[in-house]
Amino acid sequence: MEINKIDEFIYEISPESNKLMKVPARFFADPKQIPLIQNDDSLKQLVNVATLPGIVGFSLAMPDIHQGYGFPIGGVAAFEVEDGIISPGGVGYDINCGIRLNITNWKKKEIQKHLKEIVNEIYSIIPLGTGKGALIKLSKKEFEKLLFEGANWALENGFATESDIECIEDKGKLPVDYLAGISERAFERGITEIGSLGSGNHFIEIGYVSNIFEPEIAEKLGLFKDQVVIWIHTGSRGFGHQICADYVKDFQSASKKYGIELVDRGLACAPFSSNEGKSYYNAMNAAANFAFVNRQLIANKIKEIFLRFTKKIKPLHFALLYDLAHNIAKIEKHKVGNKKRTLIVHRKGATRAFPSTSLKGIYASIGQPVLVPGSMGTSSYVLIAQPNSLNLSFGSSCHGAGRTMSRSQAKKEINSKTLLGELESQGIIVKTPSISSLSEEAPTAYKDVETVVNVVNNLSITKPVAKVKPLAVIKG
Amino acid sequence: MFVEIPHTADKAIYVESTTLEGLFYDSALGLMAISGISPLKSKKIYSENYEVSDVDSETLLVDFLNFLIYKMDLGFYLISSEIRIDSIHLFSKNYFGKFKNREIYIKSATFHNLKIVKYNHLYRTKIVFDI
C-alpha cells in the first residue's frame, strides 16, 4: 500500500492503488506515528471505507487511528444524504460513546485531603464494571420518553440544569420519530443500565488543570490553573450495543438487496434514504439520547457526592464545560468544492469540531470545545475547534490517544499490580473492580496523546486551551 | 477447540471443529471463556431454545453468539448446548446457569474478517468480539 505525503501531517492513499476506491483515503499523522499505524489493519480499513457508495471527499482518519471492525477507529466518512449510505459499523457498537468535562470552583490543594474519601464514595455509588446496576429505575413508558427526549428528560426530572443542556452537543437531544425499529432485547438490556459507567475503557477521572495555553478562551470556558475537574467517559451501554448488533446483522441482507458490494462485512450498510437506513438512523439517535442522559445522571450523582464535602472544603460551584459524542452519524451541511451539500457524517472514535462560525448557543463566540482524554494516568487536553476543521475534516478532530497494543498483549507485557504501584507513586488514586484488567488500559498500550493532539493543533483543526493532569481514576 | 488470539482493541478467538455444530458450540464456549465467568454456587439450570434462519453460516454464528451475549447481560452463562444446523437454519437447546461475576463485558460478536472454512476435514474460523 503506497502512502503519499500530501503536506506536513497529511498522508494519502490514492484511488489509483485500488480500483474499488471512490475517493482517496487520507489520514493525519506525525511521521513518527506511521510505523505504529501500519502495525495493524487500520489503513486497510480506511481504504475499504473509500469503496462505499456516495462517499464524499475522502475516507478520513484522525491521528489516533487504530483498527476497529469495518471502519477504523478514528475514522470520519461523509456520505451524500440522497444517494449515499448509513452504516452501523461507521458508528460503532457503543453508539454515542462520548466524554464530558465537569468543572468546579475547588482547587487541587483544597480537595487533596478528602480525595480518597470522595473517590470511595463515587466508587461505591456509581454502578460500574461488568455487572448490572443503574442509578434509576424506570418503567418502560418512562424509558421510551427518555429515548425521545434525551437530556431534556433529565432536565424535566431534576437531574440536569438549563445550563447543563446548553453545554451538551446538540443540547443532548437527537431527532427520534419512532421506536419501532428497536428490538425487545435492546429494551431489556437498556432499561436496567441507565445511569451506569460500564467497563473496558470507560472511566471517571478527577483531575486538575495543570497548564493554560489560551488564557482568554480558558476564562470563557470557566477554566483556571489548579482547578479540580471531572471527566466522564461512557456511552449507551447494552442498549446501544444491541441496536448496533441488530442492524449490522439486518444490513447484511440490506446491502445485498440494494446491490452494495462490500469488501468487508463489517461495512454492512443501507442507503440512507431507504426504510432500513431511516430505521437505523432513528434507533441510533435513540441510543445517542440514552447516552447523553447516562452521562448526565452520573455527573449529577457525582455533584451530589461533592456537595457532601462542602463543609469540609468550601461551597461548591459545579458546572458542565461540555459533553460530546465520539461515536455517531449526523446530518450536517458542509461546503464541498463550491457547493454546500447535506451529508451524513459518520464519526467513529472522532469528535465533532465545529468552529464558531458553525455554532449557535453558548460557544458561538469561541468555537466548540474538543475534549481529548489521554490514556490512564496521563494528561488530557481541552482544545477549541478552529475554522480549518471545515476545510480538512468535515469539522472533526481526534478523540483520544488510540491503542497501539492488543489487550491480550498488554496483559502479557504489563503487570497490573506494578502499574498500580507506578500510578500510586505519582500520587494518582486508582479504583477498579478488576485489578487484573488494569494493564489493558496501561499508558504504554496507547499512542502518546501529546503527539496526537500536536497533529490536530499543527493542522489548525483545533487550538490547545488547557492541559489536565489526573488525581484519581475510577476505571470501569 | 478454541484459543484466544491477539487483536488491537478487542478480543478474538480461533476455533476449529470436525463439525459445523461443534464449531458453533466451541465458539460459544470460547465466548464464555474470554468473558471470564465466575458461576454462582447454585446448581439451578435454565433451558431455552433458540431458533433462527439467516443468509449464511457466518451470520448464523454471529446471531447465535449475540443471543448468548444478550443472555449474559441478563446474568446467564451457557453451560451446554445441543445444536442442529440445517443449511442456514439453526436450532439450539441451551442450558444456562446464573453467574456472579465476569471479568470482561463483551458488546457483540462482529463480522470482522469472519469466514467459516472447511479444510482437511476441519471447520475453522476466527471471531472478533467488540469489548
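The values are calculated or read from the model by the stated rules, or taken from the named source; none is laboratory data. None of the values given here were measured: they were computed from a predicted structure. Because the Cβ atoms are built from the backbone with ideal geometry, glycine has one as well, and the counts that use them run over all protein chains shown.
Below is a table of values for the structure above.
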read-out: Only one of A:Lys132, A:Lys173, A:Lys140, A:Lys145 that is more than 22 Å from A:Leu307 (Cβ to Cβ), at pLDDT below 95, in contact with a helix residue (DSSP H, G or I) (Cβ under 9 Å, 6 or more places away or on another chain) and surrounded by fewer than 24 Cβ atoms within 10 Å (Cβ to Cβ); value: A:Lys132
read-out: Failed item, numbered, when B:Ile13 is tested on (1) within 14 Å of another protein chain (Cβ to nearest Cβ); (2) within 19 Å of A:Lys249 (Cα to Cα); (3) part of a strand (DSSP E or B); (4) not charged (D, E, K, R); value: (2)
read-out: Test: A:Gly200 is in contact (Cβ under 8 Å) with a residue 12 or more places away in the chain, out of contact with any Pro (no Cβ under 9 Å at 6 or more places or on another chain), on the phi > 0 side of the Ramachandran plot and not in a helix (DSSP H, G or I); value: yes
read-out: Sole residue being more than 14 Å from chain B (Cβ to nearest Cβ), among the hydroxyl-bearing types (Ser, Thr, Tyr) and in contact (Cβ under 8 Å) with a residue 24 or more places away in the chain, chosen from A:Ser59, A:Ser14; value: A:Ser59
read-out: Options B:Lys98, B:Lys115: the member that is among the basic types (Lys, Arg), within 14 Å of chain A (Cβ to nearest Cβ) and over 13 Å from B:Met32 (Cα atoms); value: B:Lys115
read-out: Hits in segment A:29-88 - residues which are over 21 Å from A:Ser14 (Cβ atoms), under 21 Å from the mean Cα position of the chain (by Cα) and among the small types (Gly, Ala, Ser); value: A:Gly68, A:Gly70, A:Ser87
read-out: Condition broken by A:Phe28, with the remaining ones in (1) of a type in the set (Phe, Trp, Tyr); (2) away from chain B (no Cβ under 14 Å); (3) touching an Asp or Glu at 6+ places or on another chain (Cβ under 8 Å) satisfied; value: (3)
read-out: Which listed residue, of A:Ile103, A:Ile122, A:Ile99, is assigned to a helix (DSSP H, G or I), buried (at least 18 other Cβ atoms within 10 Å of the Cβ) and of a type in the set (A, V, I, L, M, F, W, C); value: A:Ile122
read-out: From the options B:Leu90, B:Leu23, B:Leu40, B:Leu29, residue that is more than 10 Å from chain A (Cβ to nearest Cβ), out of contact with any Ser or Thr (no Cβ under 6 Å at 6 or more places or on another chain) and buried (at least 21 other Cβ atoms within 10 Å of the Cβ); value: B:Leu90
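Rundown of residues vs (1) within 30 Å of A:Val468 (Cβ to Cβ); (2) touching a Lys or Arg at 6+ places or on another chain (Cβ under 6 Å); (3) more than 11 Å from every other protein chain (Cβ to nearest Cβ); (4) surrounded by fewer than 24 Cβ atoms within 10 Å (Cβ to Cβ), yes/no style:
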residue: A:Glu214; (1), (2), (3), (4): yes, no, yes, yes
residue: A:Ala218; (1), (2), (3), (4): yes, no, yes, yes
residue: A:Gln227; (1), (2), (3), (4): yes, no, yes, yes
residue: A:Arg237; (1), (2), (3), (4): yes, no, no, no
residue: A:Gln252; (1), (2), (3), (4): no, no, no, yes
